[in-house]
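One structure is given here, and the rest of the page talks about it.
The values are calculated or read from the model by the stated rules, or taken from the named source; none is laboratory data. Keep in mind that what you see is a predicted model, and the values were worked out from it rather than measured. Positions of Cβ are generated from backbone atoms using ideal geometry, with glycine treated the same way; all protein chains shown enter the neighbour counts. To get the accessible areas, we keep the full protein, side chains included, count just its heavy atoms, and leave off ligands, DNA and RNA. Shrake-Rupley method; radii C 1.70, N 1.55, O 1.52, S 1.80 Å.
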Amino acid sequence: MATSPAPERLRVLVASDQALIADAVRAALASRGHDALVVRWPGDARLPSPRRQVTQPAAVEVGLLLSDLDRWSRIRAATLIVERVRVPWVALTTSPRGPAWGGLLAAGARVVLPGATRLESISELLQAVVRHEIDTPEDERLELEEAWREMRARHDEVAERLSRLTPREREVLRLMYAGQSVARIAEMLEVAPATVRSQVKSVLRKLDVNTQLAAVAAFDDVLDVFDGRTVHRLPRPLPTEQTR
């Protein structure tokens, strides 16, 4: 009867937007006899930069990326790591199967799997990837990458429309997103309610939407890259607090 190949000692590059998770996974891999290195998630200056690692590809045989991929800034950072560090990447994410998975595959990831994959199974998974025993089927890869391209196109279109807003219109939109009424926005900005209503109409026109809810949804779609910088996500507006 055929037997499975003996486990190999791997050199694993671990990347995660949550430092505690990266450290826990590194320790778990080390306990199974692997060499594991945690590298910097873009924007975290406490760890070595993944750009520097690309000059030493022979030191790493496989990469393990862990992220929720629940916002554009995380998707961008994850794809940046996969693109810069040319090793076989396995990505574990809580993001449902869809465009975000396609983004990682398009960047060069070998496989993307649900984040619920047990820690005990990760070592076997990495071994299988190194041996070329597991890969994303071509039809599934093409489907997910196409979904990613479509979402990127929609995102870029909305981002371009948002860029047309004046600084005051952007501030009004942010306050609308936070659920503030026209009266409250006028009070906060120390202007007349009629001025705010005029600015709201201008926002709707520039975003090519008919309702304030649609404007807020557009803002939510590209929140993490609004104004070309990371913007912390605000609470979603409550229906009862919509602009009147």
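For region 176-208 versus region 113-160, the spacing of their alpha-carbon centroids is 41 Å.
As a rough guide to protection, the peptides 27-33, 188-194 ranked by mean Cβ packing within 10 Å, highest first, stand as 27-33, 188-194. Protein heavy-atom surface of region 132-223, 1.4 angstrom probe: 49% of the accessible area is carbon and sulfur, with nucleic acids and ligands not counted. Ranked by the mean number of other Cβ atoms within 10 Å per residue, highest first, peptides 199-210, 156-167 order as 199-210, 156-167.
If the segment from Arg86 to Asn210 were pulled out straight at 0.36 nm per residue, it would be longer than the present Cα-Cα gap by 40.1 nm. Relative contact order of region 67-216: 18 percent, from C-alpha pairs under 8 Å at least 6 residues apart in sequence. What the phi angles of region 20-32 give under the Karplus curve with 6.51, -1.76 and 1.60, with θ = phi - 60°, is a coupling list of 5, 5, 4, 5, 5, 5, 4, 5, 5, 5, 4, 5, 9 Hz, glycine and proline written as x. Counted by Cβ distance under 9 Å from Lys206, the other residues give a net charge of +1, where Lys and Arg count +1 and Asp and Glu count -1.
Take 175-182, 97-104 and order them by the average number of nearby Cβ atoms within 10 Å per residue, most first; the result is 97-104, 175-182.
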